[in-house]
């Protein structure tokens, strides 16, 4: 099923889907009118919290605005409705004039009391009338709706039957000649411009287009705008409504992975099965999803899945009875880029997720447990900032996890660059390196410390950790810059020169340690010899350089050996009795 067709189907399953031609918008204030058009009061609809968030209300669908002036029906921002704005607003007067003229045309001949009151208000209103206390300053640039004074608490003007009928008539008059819709296969009026999609991280706040043909360069065989790929107005409304709903904060259908705003939804004959699959997916990839795993049954299934149990054994109905969809979107100027789109049975998704867990399994794990996916990417970004995640990496990585295909090699490159820069071989970076080596290069990589592993990269990483431990044991924490701080990057890329210097530099540390803790010194010397013996025999067992794969194994070996030292310290082992196998 195509992306647009899947979203149209998702719209049909929305529990509170807006009717065709309407959308949910952020509304800040309501202007309450008397029947003669006079302003009775101005009501603040925003939340009473510190953020003063506007209320989401159902209004006639916003018109597409590019460079032209296009008023909305019975609602809009103050620049259009009142002719006032917080800034200079070079086009404010023109926008307000267009709003008044358009509504005079739309509402001509109406006999509805509410619509007549609105017309009278527009005829008598002047921007100079805008003044406190009736019109508060923070009303500027908010979206406004209207209501009659005697029915304000029951409905707004756009909810009146006459307003709804008139809005349907306006839409029918503006419709183009029917064509076969590429999404539904049914004849219908074609949308010339598709409504904006809002809520994508990094995109314009006013929204961006998923499908757009609004430049002369896109004209083909005389077809302009939406005629290039005819999609009916009904299908366009359905897919944009569903996507906007899923992108809303708190919708339960979105997570952020790097620059990819990821939305997901399930399709099943049993709505409870679909809802459970969505909760489980959120918990798979976003730590906040754990809070939504409210029931003990869902929490137990999550634990079993992470332990490697097949979904078919745990929940057979979810395995084959739920179709799942995942869409990753990223900003691209005034348009949206599709980073990835995936659909399959929820059982296939769960199996691929378990494969990812297997790829990244590591001992010891992070002290605070394995985090959400975005934490992995932030950990390999410069300065640990999400905006510094390499472009396209998030989408490619997420697609590889969902489909079980090889990971992007930029993942390993980014992790190695950060390791060489700061030497912080933490669990997240090492797990990413391990996953790429396993899936992309088909290497056998140990989960925990492997004392018998003869790979030079892995052995050299262990050897580097031992030299660091010798320094720490001899000098304690009174070191301005440790061996890791000075030499990790060079040792992992060009080890030959560095390890010769480390060996000579360790002798004073050994001399001091033998006086402080002879048993500890003997154990560390024995461990150094054991690791050296594992490396291939020859005149030059330490290579001049290491490949990217060997550098990744260097980091893994370093992490395993260093973690083993800390594990023994945490267990309370004394230097005199500690032994190394």
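Throughout, read-outs are computed from the coordinates displayed, never taken from laboratory work. All figures in this text were calculated on a predicted structure; none of them were measured in a lab. All Cβ positions, even for glycine, are placed from backbone atoms using ideal geometry, and neighbour counts span all protein chains on display.
Projected label points at residue 514 and residue 129, each 7 Å from Cα along the beta carbon direction, are separated by 9.7 nanometres. Across every direction, the projection of the convex hull enclosing the Cα atoms of region 446-570 has a mean area of 7.5 nm².
The angle separating the long axis of helix 3-12 from the principal Cα axis of greatest extent in the chain is about 60 degrees. Sorting 253-262, 185-194 by their mean Cβ neighbour count within 10 Å, with the most densely packed peptide first, gives 253-262, 185-194.
Sorted on the mean count of surrounding Cβ atoms within 10 Å across their residues, most packed first, peptides 498-507, 68-77 read 68-77, 498-507.
Between residue 176 and residue 104, the contour length at 0.36 nm per residue exceeds the alpha carbon distance by 23.6 nm.
At an R0 of 56 angstrom, the distance between the Cβ atoms of residue 169 and residue 367 translates into a FRET efficiency of 0.30.
FRET efficiency for the residue 335 to residue 529 pair, using the beta carbon distance and R₀ = 56 Å, is estimated at 0.35.
Per-residue packing, averaged as other Cβ atoms within 10 Å, sorts the ranges 127-137, 19-29, 297-307 into the order 19-29, 297-307, 127-137, beginning with the highest. Between helix 409-422 and the chain there is an angle of about 60 degrees, using the helix long axis and the longest principal axis of the Cα atoms.
Bridges between two residues of region 19-174, per DSSP, are antiparallel at a rate of about 70%.
Mean separation of Cα pairs under 8 Å and 6 or more residues apart, divided by the residue count, gives region 19-174 a relative contact order of 31 percent.
Our helix-only sum for the chain, with -39,500 (n - 2.57) per DSSP H run of n ≥ 4 divided by its residues, gives a mean residue ellipticity at 222 nm of -14500 deg cm²/dmol.
For the pair residue 249 and residue 388 in one chain, pulling the backbone fully straight at 0.36 nm per residue adds 47.7 nm over the alpha carbon distance.
Between residue 13 and residue 299, the contour length at 0.36 nm per residue exceeds the alpha carbon distance by 100.4 nm. For Rg and Dmax of the Cα atoms in Å, the value computed from the atomic coordinates appears in the list (i) 25.5, 85; (ii) 31.7, 103; (iii) 24.4, 82 under label (ii). An ellipsoid equivalent to region 178-247, defined through the eigenvalues of its Cα gyration tensor, has semi-axes of 22, 17, 7 Å when rounded to whole angstrom and sorted largest first.
Taken along the Cα-to-beta-carbon direction at a fixed 7 Å, the label points for residue 306 and residue 67 span 5.3 nm.
Each of residue 91 and residue 272 was given a label point 7 Å from its Cα along the Cα-to-Cβ line. The distance between the two points is 5.3 nm. Seen from all directions on average, region 1-150 presents a Cα convex hull projection of 11.6 nm². Across the chain, the relative contact order, built from alpha-carbon pairs under 8 Å that are at least six residues apart, equals 10 percent.
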